[in-house]
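> Before anything else, here's the structure in question.
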Amino acid sequence: GAGVSQSPSNKVTEKGKDVELRCDPISGHTALYWYRQSLGQGLEFLIYFQGNSAPDKSGLPSDRFSAERTGGSVSTLTIQRTQQEDSAVYLCASSSRRGGETDTQYFGPGTRLTVL
Amino acid sequence: SQKIEQNSEALNIQEGKTATLTCNYTNYSPAYLQWYRQDPGRGPVFLLLIRENEKEKRKERLKVTFDTTLKQSLFHITASQPADSATYLCALEGSARQLTFGSGTQLTVLP
């Protein structure tokens, strides 16, 4: 019955390094989303997974960003060659959305990424 | 282009008063609209959903209205309390059938 979990909660890295952020959605949720939120800003959509369909990657800001979802459950967001502008809170959300149902999203606590 | 605007970045009100937050949108035809609450250092939490054929929805001290002609939703918190202080986000389903979030309104309820 746990909610969405994310790890790590905080990540400090040096410019140019690669980072991996993990998201464990609510069990049984078919949809999974990644967002980015810079300080004092709104949510910026990054990528959306729905079941076994090809992910919607339209929000990824550059080819340094990628994500995968293994077995329809856990997802990993990878940022290669990190830049200082990548510093933000990365939020993951999941929903039980199917077909034409409404899309109420349940968010994890986020990973705060700081690139030095 | 599609746009969601929420009123003023910050709103301060006195405890016990009604807080009213506004969400305006352009170039959307949403079947529903949602409101979320976000506390510092946490992810947003779903509060209410209102469908296009509903004019008003209530949940405890919360009330949401949805006017598809004006393309506007109002979010009211009655008898506000300091614990209601947070950022409130509205969200709409866009053409790509994904939720798009407004930038939020930061509400502070003063004791």
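> Can you give the Kirkwood hydrodynamic radius for region A:40-116, in Å, rounded to one decimal and based on Cα pairs?
13.9
> Find the centroid of the Cα atoms in region B:52-73 and in region A:25-66, then give the distance between the two in whole Å.
Computed from Cα coordinates, the inter-centre distance equals 28 Å.
> Hey, got the dipole for the protein assembly as shown? About the Cα centre, +1 on K and R Cβ, -1 on D and E Cβ, debye to the nearest 20?
Dipole magnitude for the protein assembly as shown comes out near 180 debye.
> Hey, any idea what the orientation-averaged projected area of the convex hull of the protein assembly as shown's Cα atoms comes to, in nm²?
Numbers: hull surface 51.4 nm².
Hull-based average projected area comes out at 12.8 nm².
> A further question follows. Would you work out the charge dipole size for region A:1-79 about its Cα centre, treating the Cβ of every Lys and Arg as +1 and the Cβ of every Asp and Glu as -1, and quote it to the nearest 20 debye? Walk me through the numbers on the way to the answer.
On the way: 8 positive and 8 negative charges, 23 e Å.
Dipole about the Cα centre, nearest 20: 120 debye.
> Let me ask something additional. Which aspartates and glutamates, if any, have their Cα less than 15 Å from the Cα of residue A:57, not counting same-chain residues under 8 positions apart?
Hits, sequence-local ones excluded: A:44, A:68.
> Setting aside same-chain residues fewer than 8 positions from residue B:63, which aspartates and glutamates have a Cα under 18 Å from its Cα?
The qualifying aspartates and glutamates are B:15, B:52, B:54, B:84.
> Averaged across orientations, what area in nm² does the convex hull of the alpha carbons in chain B project? Mind dumping the intermediate values first?
Working: hull surface 26.8 nm².
It is 6.7 nm².
> Which pairs in the list B:17/B:59; B:3/B:59; B:3/B:71 are over 19 Å apart, alpha-carbon to alpha-carbon?
Exceeds cut-off: B:3/B:59.
> List the relative contact order of chain A as a percent without decimals, with contacts defined as Cα pairs under 8 Å and 6+ residues apart.
37
> Compare A:62, A:87, A:75 in a GNM of chain A, Cα atoms joined below 10 Å, and give the one with the largest fluctuation.
Maximum among the listed residues: A:62.
Read-outs: derived from the displayed coordinates by stated rules, not from any lab. Just so you know, these numbers come straight off a predicted model, no measurement behind them. Neighbour counts run over all protein chains shown; Cβ positions are idealised from the backbone, glycine included.
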